[in-house]
Structure formats: structure tokens, C-alpha cells
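Everything on this sheet refers to the single structure shown next.
The values are calculated or read from the model by the stated rules, or taken from the named source; none is laboratory data. For clarity, every value in this text was computed on a predicted model and none was experimentally measured. Neighbour counts are summed over all protein chains in view; Cβ atoms, including those assigned to glycine, are modelled from backbone coordinates with ideal geometry. What goes into the accessible areas is simple: the full protein's heavy atoms, side chains included, and nothing from ligands, DNA or RNA. Shrake-Rupley method; radii C 1.70, N 1.55, O 1.52, S 1.80 Å.
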Amino acid sequence: MTAAGAPDELTSVLRQIVGAEHLLTDPDLRAGYEVDWTRRFHGPCDAVVRPADTGEVAAVLGACTAAGAVVIPQGGNTGLVGGSVPGPAQGGRRVVVLSTRRLRAIGPIDDVVGQVTVGAGVTLAELEEAVAVTPWRVGVDLGARESATIGGMVATNAGGTRVVRHGMMRDNVGGVEAVLADGTVLSHLGGLLKDNTGYDIASLLCGSEGTLAVLTAVRMRLVPKDDERCVAWIGCGSWNDAVAVATSCRLRLRSLDGIEAVDAAAQRVVAEALQLSPPVEGTIGLLVALTVDGGPQLDTLAALAGERPVAVALDGPGASSLWERRDRVTEAIATTGVPHKLDVSVPLPAIPPFTAALPAVVTAAAPGAAVYVFGHLGDGNLHVNVVGPAPEEDAVDDAILRLVAANGGSISAEHGIGRAKQRWLHLSRSPEELRTFRAIKAALDPAGTLNPGAGPVLP
Ligand SMILES: Cc1cc2nc3c(=O)[nH]c(=O)nc-3n(C[C@H](O)[C@H](O)[C@H](O)COP(=O)(O)OP(=O)(O)OC[C@H]3O[C@@H](n4cnc5c(N)ncnc54)[C@H](O)[C@@H]3O)c2cc1C
């Protein structure tokens, strides 16, 4: 196989492993795997390979490493930092995208402990559907649930809208099966809560962004299903006000699932692009989700909202409709152009000064750009989206991430580093930490097969 797609020895080996139907070299068939969800990141590959099981993944990785090829693991391709697609040039090496979408087995659900082993290519929506008949559900939820895979969610240590209560993906994983670049299979899927028998490989692979191993199966810890869910939208006058309400909610509402915020600009774009009007007046829409086990929580919620405008709905179409106005913000912004996506976290007290300084910082770096702020306020995690600057211009990214660092924040709260954030990793990680990342990479993937140029290991 060559960059032009002509067959060679590696192509024949890969074809023998996965079958001709699952080795894609035709440019039209490869195209969807070469560009990411944001359309900002893209790069060519020589082939897409779609293995059916762990044995085939191991054989593919062994063959690619032996041939000196680069492998880009790809799940649902919903990642927002360009880590799931090839870079524009991969050091002249041949490039293979390894799609995990055929790793779709869902094992028996252990009703006693609330666990299930699933293939890395199972989507979050498919897993939710499989567990719907049990008293359990998945603890992590995010807007890309129809396409995001469980393997991709582990590889990015995905967060989402329920972190306040159930933590990030790392907190919901009981073990993994993964394949190293040389084809070695590591499997630890017992799911024991207590198991101090050495390094926690599952935890190491959470957030590794396809740079250390290809996840093939995950032991998921489920959480008890809620009885009834209540969603409330509170109109807050400012970020200061929103932070104050969020803190009161965390202190006083039991069974709180999430606290989300959507600024006025993002609410406007949702209204215009999706014809979904803001449910209440207010500069910042604060969305609070909680499980209700009786009237007292609703009374507390009403007291917390005070004089602010509020819309409340219990489970059903009303709650879904309120939630939709948060769930579909990313989708609405994407209709306005190719966004620069800054997924950052700052300490809660720093949110008002950070958001106050933001407009001037954006205007100085990208005059005329539109800026939208929304995200998981309960976790101090804001998604700052800027539309206007060309995809390859990064002056505005630089200015915002420096503002984040100056406010004691992290340059990537939940999306990871990918290809988009490597340049700024030093703002959040020390030289000693970056050296340690490199040492771990060298130990597990000495040939540099897996996703070079992306993730937390700098070239
Ligand atoms: C509308 C929308 C809403 C979103 N909301 C959230 C949110 O609230 N919270 C959040 O955290 N993210 C969110 N995301 C980002 C994205 O959905 C997550 O990062 C998700 O975890 C990616 O899963 P994926 O299967 O699509 O992975 P991909 O995009 O395919 O890959 C992401 C990274 O993981 C690696 N990878 C994928 N599969 C494997 C595997 N099996 N083994 C090893 N490495 C692998 C890739 O190489 C890449 O580096 C959102 C995205 C969209 C489009």
C-alpha cells in the first residue's frame, strides 16, 4: 500500500486479517474517516481497517508495527480535538485508521452488582438501550450518545452532564481489555471494586487518547436508575449569580445529577438554528437536573430560584424539551460555521472574572468573531466556542487558553488534547510530567505506532 493507494505487502496482510470487505482503500470510502466531527481536523490515510474482534485488532496492530505504519484508533469520530483522524502529514509513514465500530458485543448484564462488559465499538445509546430493561443505567451521559463509543469515551475519559453525581468515565470503568501496539492483549475485566494488585491499567488508559493501546472491551460499572427526574431552567442575571445558585444547589439539593449553563449568545443560536426558544428570561440559562423522591426537593428548588424566572418539568416531554435546549447547543453552533472549541475548566470562584475578561480577549485576537459559552458549570467546565477565525488560525485559541491558565484552570477539561491542544499542554502540565508521559509511551509503544502527533505525548 502506498500513499496513492496502490496495493503492497501490508495491504495484503491486513486484507487477510479482516477480509476484503473491511479494508477500505477507495478514497470515497475512506473520506468519512479522514475528517473529524468539527470539520476542522482532517488528514489522509492509506487505508481504513475494521477488525471484528480482539484477535483481529491484535493481528492488525502487530502487522502495522512491523511495517512501520501509523495507526489511528477511531470509534464514533465525535471527538472534538482532532485526535480521531490522521494529521495532515504523519512523518511520511503509512497511515491506517483502525475503526472499532465492529467490536459490538454486549455481554450479560450482572444485575447483582450492576456491571456489564461491552465491546469498545458499542455506542453509548446502544448500551443505554441494552440496560434499559434493568434497574441500572449508565452513569455518564453526553450529547453525542448516538455515535460516541464506549472505547472512545474511555480513551478520552469523557465527562458530560452527570459528573456532579457519577464522576467521569474513569469512575465508571471496572476494567478493560486492550491491545498494545505490538499485538499484546491485556485483559482485566473482573470488575472487582477492591483490587489492589498492581498498576491500574484501566485508569492509565482513561484519557490516553489512543496513544498507548487500542481498547477492545470495557467492564462498565452501572448506576441505579432514577425513579423520577426533574429538570429546571433558572434564568440568572450574570455568571456571578449563576455560580452562586449552582453552589446553593450543590449544597442543598439531594440527588443532584448535573448543573449546566448556557449563555445568552448560545441560547440565541439554539433559538435561531433549531427553533427552540429559551424557556425563561435571563442572561445565563442555568439548567439543573435532579432526581426527585418527593415534594421537598421541588420546594427547595423553588426557594433556591427565589425571584429568578424558572421553568420546571418532571420526567416526560416537558423535561426532554428543557434538556434539549442544553443538549443541542454544540449542534446549533456548528450550523453557524467551523467553531474553535475550547473546553476548559477553571475553579468556580474564577468563572465570573474569567467570563468577564473573555469578550475583550476574543475581540483583540479575532475582531468580529462570535463567542458562545456553555457547559458543565457544576464541574467548573466551560465550553468556549468561537466562530469566525479560519480553522487554521489559532491566535484566539492561544489568547483564551492563556487566560484560562492565568485563572488557575486546565486547558482541557474533558475533550482531551488531540491534535488541537498539544501546543498549549505546557500551560497545564510541568516539564517533569511531560517527560513522564513520554517515558510511559516509550515503554508501551516504543515504535510510536499509535496516534503519533495527537494526545498528551508531545512529538
Ligand atoms: C454533540 C457533541 C457533544 C459532546 N459532548 C461531550 C460532553 O458533554 N463531554 C465529553 O467529554 N465529550 C463530549 N463530546 C466529545 C466526544 O463525544 C467524546 O470525546 C467521546 O468520548 C468520543 O468518543 P468517540 O467514540 O466518538 O471517539 P473518537 O472521536 O472516535 O476518538 C476520540 C479519541 O479516542 C481515541 N479512541 C477512540 N476509540 C478508541 C479505542 N477503542 N481505543 C483507544 N483509543 C480510542 C481516538 O484515537 C481519539 O484520540 C461531544 C461531542 C459532540 C459531537
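The stretch 335-414 and the stretch 72-122 have Cα centres spaced 28 Å apart. For GluC sites (Glu not before Pro), the sites in the stretch 358-436 that DSSP calls loop and that have at most 15 other Cβ atoms within 10 Å are Glu392, Glu393. For Val173, nonlocal amide neighbours, meaning residues 5 or more places apart or on other chains whose placed amide H falls under 5 Å from its own, are Arg221. Only Cα pairs under 8 Å and 6+ residues apart enter the sum, and on that basis the relative contact order of the chain stands at 16 percent.
Between Ala105 and Ala406, full extension at 0.36 nm per residue minus the direct alpha carbon distance yields a gain of 103.8 nm.
Sorting the segments 364-373, 159-168 by their mean number of nearby beta carbons within 10 angstrom, highest to lowest, gives 159-168, 364-373. Computed with a 1.4 Å probe over protein heavy atoms only, the accessible surface of the chain comes to 40 Å² per residue.
To put it simply, the accessible area of the chain at a 1.4 Å probe is 55 percent carbon and sulfur. Once the Cα atoms are used to define both axes, helix 295-305 deviates from the longest principal axis of the chain by about 80 degrees. Our helix-only sum for the chain, with -39,500 (n - 2.57) per DSSP H run of n ≥ 4 divided by its residues, gives a mean residue ellipticity at 222 nm of -9000 deg cm²/dmol. Working from Cα pairs under 8 Å separated by at least six residues, relative contact order for the stretch 330-405 is 43 percent.
Fully extending the segment from Ala244 to Arg435, taken as 0.36 nm per residue of separation minus the present Cα-Cα distance, adds 64.8 nm.
Per-residue Karplus couplings for the stretch 417-426, computed as 6.51 cos²θ - 1.76 cosθ + 1.60 with θ equal to phi - 60°, are listed in order as 9, x, 8, 6, 10, 4, 4, 10, 4, 5 Hz, Gly and Pro entered as x.
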